[in-house]
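A short write-up of the structure that comes next.
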């Protein structure tokens with residue numbers, strides 16, 4: 001999985017996914033306050049897939065990162081869900097162009 | 001996709017018209033001679049158990065513990081002359097289940113024949129509606145209880161239930177379980193619920209594949225359709241069920257799936273995504289879109305950050321533990337309340353009265369002893385249960401219910417996840433582990449909520465060994481309260497054993513590493529009614545479980561005393577007890593411990609109260625009895641949940657560790673001359 005970071009001055013002009021989105025990366029790599037759209041679930045085990053689906057994480061869903069430590073917490077619909085870093089690694093997202101979230105919180 | 005299907009019953013209409021209908025239905029019900037059955041289904045933290053309490057009210061015969069329900073609880077609902085049997089199922093996020101409790105809920109749904117009441121969170125409909133759509137494929141009478149509308153109203157996202165009902169083709173009732181709003185409407189609608197006129201088919205192209213598997217030809221809307229869907233989506237339990245019951249069709253369906261999707265996982269993701277889109281379309285205009293809302297700000301947001309940041313969250317968690325368990329349970333309940341009940345009620349009044357009555361009524365001394373002797377049913381069994389254990393356990397469950405109802409526990413789970421991974425557990429284990437401080441037997445049952453077998457085994461072992469239950473904890477703290485330093489040594493040793501055994505178990509027990517995933521429910525102000533209901537239910541469960549064992553223990557001890565078997569057993573234990581530096585008088589306490597942990601600790605309390613133990617001996621005794629074997633009830637639950645092999649293994653480990661560590665602590669204290 002490519003982990004190209006976005007946010008360059010040129011923005012997302014050459015993003016191949018869709019206008020307004022950037023190259024795919026892992027949910028675990030996003031900073032607090034960042035909004036992103038889930039693209040793909042790259043799980044190693046079928047069991048992990050069921051966990052992510054149970055949390056409501058599936059392609060097309062918009063998330064906002066609320067916290068990265070001690071576990072990743074994301075806002076999805078109107079709920080907060082927590083997942084550990086290993087699971088968050090499996091969620092491939094593309095970040096939205098503008099981070100509308102609040103200022104960076106504790107790490 | 002068409003929205004208008006059949007006639008929808010919305011809550012506005014049913015409120016007024018319910019009375020004549022109820023009369024008619026009552027007549028029909030009497031004719032049929034059958035009672036309605038309702039099954040409450042829904043995700044965790046949507047107020048399902050509170051709704052269950054409202055529906056069943058004082059008729060409730062709840063058989064387990066709401067909130068952490070791991071089994072199907074049932075009760076009766078009486079409404080305007082009609083009766084319904086109501087069952088509450090454990091929380092279910094999705095039908096593709098992850099944990100054992102979800103599988104329990106799923107089995108109950110697939111096996112039910114009555115009305116299904118799907119309880120959903122009114123302010124997060126998009127999270128529950130995919131499950132509603134799956135329930136619709138069952139072709140069963142279905143009612144949607146749109147709960148927590150008060151929260152939705154406060155957030156300005158109250159859904160239009162009438163519109164939702166029209167679109168789904170099943171009744172949708174707005175409710176607030178904690179205040180009772182809409183509960184009457186729900187009951188009257190549930191009595192009239194019928195099979196949806198038009199069953200909901202799966203979206204194409206999924207329907208084409210699933211239909212190849214529906215063996216009994218009953219069409220798309222049936223239990224079989226859901227089973228087939230789950231099997232094709234790779235659910236292991238459903239796969240083996242469906243594959244074994246109709247092998248040719250399974251091969252055919254697998255081939256069809258392979259033609260359109262790379263794997264079962266792909267199929268599952270595709271189907272989940274399609275359902276989510278259907279749900280979003282259904283909700284268009286019913287409730288404001290989720291993305292238009294910003295994350296929680298204001299005091300809730302600030303509190304959330306304080307609770308979740310390790311820098312403030314961990315000290316806060318320690319403070320909560322100190323206040324709730326040490327001050328409230330340990331000092332107030334186990335200290336003052338127990339002392340008062342013991343001294344004023346039992347010693348001052350009840351025991352002399354019962355003793356005098358027994359002397360008058362029963363001529364044989366041996367039979368008198370059975371009731372009021374040193375091991376008497378009353379003087380030992382009833383007194384321990386009512387005077388020592390009841391106040392401690394009640395106060396613990398009260399504190400636990402408060403924490404549970406506020407939504408605090410999932411935050412602690414998140415905070416401790418990284419730490420617990422070191423001992424082979426995930427943050428999820430916080431709930432059984434904390435509950436274990438109340439009753440380890442109950443907590444062992446709740447380990448079902450853990451995801452892997454490995455986690456369940458490790459949690460079971462740690463609960464049996466290093467988590468003292470509230471009764472034991474209360475008594476131990478009561479004994480040690482005179483010597484605060486001894487209490488500190490005891491706490492450090494138990495914590496050390498917890499970490500060391502957990503660390504070793506994480507390396508020795510085979511299986512995959514745990515992962516942490518959990519929805520964080522909103523922080524809510526605890527509802528007094530809910531808290532009392534939960535506490536009452538748990539105390540009742542505890543007493544039903546414990547009281548007979550206390551009486552049985554008294555009976556066995558009395559018999560042993562009469563026949564001399566007790567003396568020989570105690571004699572056999574004396575060398576072991578002496579070896580770890582305790583007086584011979586402490587031996588019986590360990591013997592009692594076999595019956596109930598707290599029973600043993602309470603026996604120790606008697607010895608300590610007579611001032612027979614030095615501080616070093618006190619610490620040794622407290623450490624040993626805390627680590628010592630689980631009680632009979634816990635052993636039975638371990639055997640039921642984990643199998644005889646694991647149960648015996650845990651027993652052996654616990655006994656060995658208890659005496660080794662206890663002895664080592666005593667030896668170290670004497671060697672260093674500390675409080676000898």
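For every residue, the table says whether it meets (1) within 20 Å of residue B:398 (Cα to Cα); (2) assigned by TED's automatic domain parsing to the domain that holds residue B:541; (3) modelled with pLDDT of 85 or more.
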site	(1), (2), (3)
B:37	no, no, yes
B:40	no, no, yes
B:43	no, no, yes
B:59	no, no, no
B:67	yes, no, no
B:72	no, no, no
B:84	no, no, yes
Seminar exercise, completed: Scanning the range B:498-520 residue by residue, those out of contact with any strand residue (DSSP E or B) (no Cβ under 6 Å at 6 or more places or on another chain), within 12 Å of chain A (Cβ to nearest Cβ) and surrounded by 20 or more Cβ atoms within 10 Å (Cβ to Cβ) turn out to be B:514, B:515, B:516
Exercise. Inside the range B:241-271, can you point out the residues that are under 30 Å from the mean Cα position of the chain (by Cα) and either farther than 23 Å from residue B:107 by Cβ or within 14 Å of another protein chain (Cβ to nearest Cβ) (or both)?
Worked result: B:268
Exercise. For the range B:104-112, does any single residue satisfy the condition of being surrounded by fewer than 24 Cβ atoms within 10 Å (Cβ to Cβ) and over 30 Å from residue B:253 (Cβ atoms)?
Worked result: no
For this session: Name every residue in the range A:74-96 that is more than 7 Å from chain B (Cβ to nearest Cβ) and without any contact (Cβ under 8 Å) to a residue 60 or more places away in the chain, in order of residue number.
Result: A:74, A:76, A:85
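Go through B:165, B:145 for me and flag whichever is within 30 Å of the chain's Cα centre (by Cα), closer than 21 Å to residue B:284 by Cα and in contact (Cβ under 8 Å) with a residue 40 or more places away in the chain.
Values: B:165 fails: within 30 Å of the chain's Cα centre (by Cα).
Result: B:145 is the single residue among B:165, B:145 that is within 30 Å of the chain's Cα centre (by Cα), closer than 21 Å to residue B:284 by Cα and in contact (Cβ under 8 Å) with a residue 40 or more places away in the chain.
With within 14 Å of chain A (Cβ to nearest Cβ) and either assigned to a helix (DSSP H, G or I) or in contact with a strand residue (DSSP E or B) (Cβ under 6 Å, 6 or more places away or on another chain) (or both) as the only criterion, which of B:418, B:359 stands out?
Values: B:359 fails: within 14 Å of chain A (Cβ to nearest Cβ).
Exactly one of B:418, B:359 is within 14 Å of chain A (Cβ to nearest Cβ) and either assigned to a helix (DSSP H, G or I) or in contact with a strand residue (DSSP E or B) (Cβ under 6 Å, 6 or more places away or on another chain) (or both), namely B:418.
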Seminar exercise, completed: Only one of B:317, B:279, B:274, B:231 is within 35 Å of the chain's Cα centre (by Cα), more than 9 Å from chain A (Cβ to nearest Cβ), modelled with pLDDT of 90 or more and closer than 25 Å to residue B:113 by Cβ, namely B:231
Exercise. If we only count helices (runs of 4 or more DSSP H) wholly inside the range B:88-185, which ones have 2 or more residues that are away from chain A (no Cβ under 14 Å) and under 21 Å from residue B:241 (Cα atoms)?
Worked result: B:100-111
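Residues in the range B:521-531 that are more than 14 Å from chain A (Cβ to nearest Cβ) and either in contact (Cβ under 8 Å) with a residue 60 or more places away in the chain or crowded, with 19+ Cβ neighbours inside 10 Å (or both): how many? Please lay out each step first, then the result.
So the first thing to find is which residues in the range B:521-531 are more than 14 Å from chain A (Cβ to nearest Cβ), and the list is B:525-531.
With either in contact (Cβ under 8 Å) with a residue 60 or more places away in the chain or crowded, with 19+ Cβ neighbours inside 10 Å (or both) added as a condition, the list becomes B:525-527, B:529-531.
The total comes to 6.
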Seminar exercise, completed: (1) touching a residue at least 60 places away in the same chain (Cβ under 8 Å); (2) under 19 Å from the mean Cα position of the chain (by Cα) all hold for residue B:503 apart from (2)
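The values are calculated or read from the model by the stated rules, or taken from the named source; none is laboratory data. Please read these numbers as outputs of a predicted model, since none were measured by experiment. Note that each Cβ is placed from the backbone with ideal geometry, even for glycine, and that neighbours are counted across all protein chains shown.
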